[in-house]
Amino acid sequence: MPSDSRIVAEVDFTRDGRQHGFLRLFHSVHSSAYGFIPVPVVVLRNGDGPTALLVAGNHGDEYEGQVALANLARRLDPARMRGRVIILPALNLPAAVAGRRTSPIDDGNLNRSFPGDPNGTPTQQLAYYVEHELVPMANLVCDLHSGGSSLMYLPTAQLPGYRPDELGARGLAALAAFGAETAYVVAANQGGDQTLTGACLRQGVLSVATEAGGAGHLTAGALRMVERGVNNLLVHLGVLQEADRIAPPQPTRLLEVGGPDYYVYASDNGVFEPLAEPGETVMAGQPAARLHFPETPWAEPVLLSFQRKGVVLCKRMPGRSMRGDCLFHLGTEIGPGGPYSG
Ligand code: CA
């Protein structure tokens, strides 16, 4: 398991009980010659058993997972569990502290930095450590995302990187166990190899994720969904007992997200007027947005439309938009008997 990562963990991942400390990500700068970036880590272990790796703050401006995992790190009692839970609530710490998607130190987007580089920038070194040291310890990885500053998601659980194999089947079972009101599947051929999900696929480790909410803020409902889901994943994995399961209020509605026609992008620079909201079902050809041009008010707004029928999963939040910005993406209903019916 030892890789050539330069990161040093202050915790012993093999020790029983509760430990907390930091991953020391060394970063020599003008103001701190021998200093390190302290990435917080909590390890809870009670004997042999499965290992869950729970991660948030992969993107620093996505808060539901950060708060849920901080709460879990204090609440979870090693005596009432079996196996091991490794919790990293603020994985890309400089980005989390700054409340930004990317790290202000190296502009690194951690979830586009895998498989990483042991000798690269701090963000690349972190990606390398996660993929080569943490993921191989895990039986299940849960990477808690939301829409960040620019997008608002219908609170969902998601299974990215789906392949119709044994790992994919276990992923669908874990997604169902999470118990979100809405969940969606993205096939592996839709990309994502630079993400933590890609790292898990390369290491053959089961992973599930969320897109919990977003818009650069925290909502109580999305936080509850994440806390319930993570708890239920720990039950599913056998770390917690069946009696610990929190029953979801309804069965999960399963959607899938496919190719470019699931997305609506800004065709021009302008002010984005949304004509649909997350959770709404829209039809092919239905108007999605108007782009307005206050600088040239004599120019007619541009009307953009959805290219297919589906459920609106996320919406861009900032009004001012540039050509190429993602304004919406959809998910489509999955019928029984399809590739995801298990
Ligand atoms: Ca994200």
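General observations
- Matching residues in the range 11-45 - criterion: being in contact (Cβ under 8 Å) with a residue 24 or more places away in the chain, under 19 Å from P94 (Cβ atoms) and of a type in the set (D, E, K, R): none
- Against the list (1) surrounded by fewer than 19 Cβ atoms within 10 Å (Cβ to Cβ); (2) at pLDDT 95 or above; (3) charged (D, E, K, R), the condition D143 fails is (1).
- Of all residues in the range 77-92, those satisfying the criterion of being open to solvent by 30 Å² or more (accessible area, probe 1.4 Å) and outside any strand (DSSP E or B) are D77, A79, R80, R82.
- Test for A95: is it without any contact (Cβ under 8 Å) to a residue 24 or more places away in the chain and either open to solvent by 40 Å² or more (accessible area, probe 1.4 Å) or outside any loop (DSSP other than H, G, I, E, B) (or both): no
- Matching option when the condition is at pLDDT below 95, farther than 22 Å from E277 by Cβ, open to solvent by 20 Å² or more (accessible area, probe 1.4 Å) and hydrophobic (A, V, I, L, M, F, W, C), among A188, A169: A188
- Q241 vs. criteria under 19 Å from R75 (Cβ atoms) and not hydrophobic (A, V, I, L, M, F, W, C): yes
- One residue alone among L159, L206, L201, L196 is of a type outside the set (F, W, Y), open to solvent by 40 Å² or more (accessible area, probe 1.4 Å), touching a strand residue (DSSP E or B) at 6+ places or on another chain (Cβ under 6 Å) and under 23 Å from G116 (Cα atoms), and that residue is L201.
- Residue match in the range 129-137 (condition: closer than 20 Å to I87 by Cβ and of a type in the set (S, T, Y)): yes
One line per residue, one yes/no per condition, for (1) away from the ligand (no atom under 16 Å from the Cβ); (2) touching a Leu at 6+ places or on another chain (Cβ under 9 Å); (3) among the acidic types (D, E):
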| residue | (1), (2), (3) |
| --- | --- |
| N111 | no, yes, no |
| P118 | yes, no, no |
| A138 | yes, yes, no |
| G148 | no, no, no |
| Y153 | no, yes, no |
| Q158 | no, yes, no |
| D165 | yes, no, yes |
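- Among the residues of the range 120-134, not a single one is away from the ligand (no atom under 16 Å from the Cβ), within 22 Å of R224 (Cβ to Cβ) and free of Cβ contacts under 8 Å to residues at least 24 places away in the same chain.
- Residue among R290, R308, R323 that is open to solvent by 40 Å² or more (accessible area, probe 1.4 Å), part of a strand (DSSP E or B) and of a type outside the set (V, I, T): R290
- If you go through the range 33-73 and pick out every residue that is open to solvent by 20 Å² or more (accessible area, probe 1.4 Å), away from the ligand (no atom under 16 Å from the Cβ) and within 17 Å of the chain's Cα centre (by Cα), you end up with 1.
The values are calculated or read from the model by the stated rules, or taken from the named source; none is laboratory data. What you see is a predicted model, and the numbers here were worked out from it, not measured in a lab. Because the Cβ atoms are built from the backbone with ideal geometry, glycine has one as well, and the counts that use them run over all protein chains shown. Areas reflect the complete protein model, heavy atoms only, side chains present, ligands, DNA and RNA absent. Shrake-Rupley method; radii C 1.70, N 1.55, O 1.52, S 1.80 Å.
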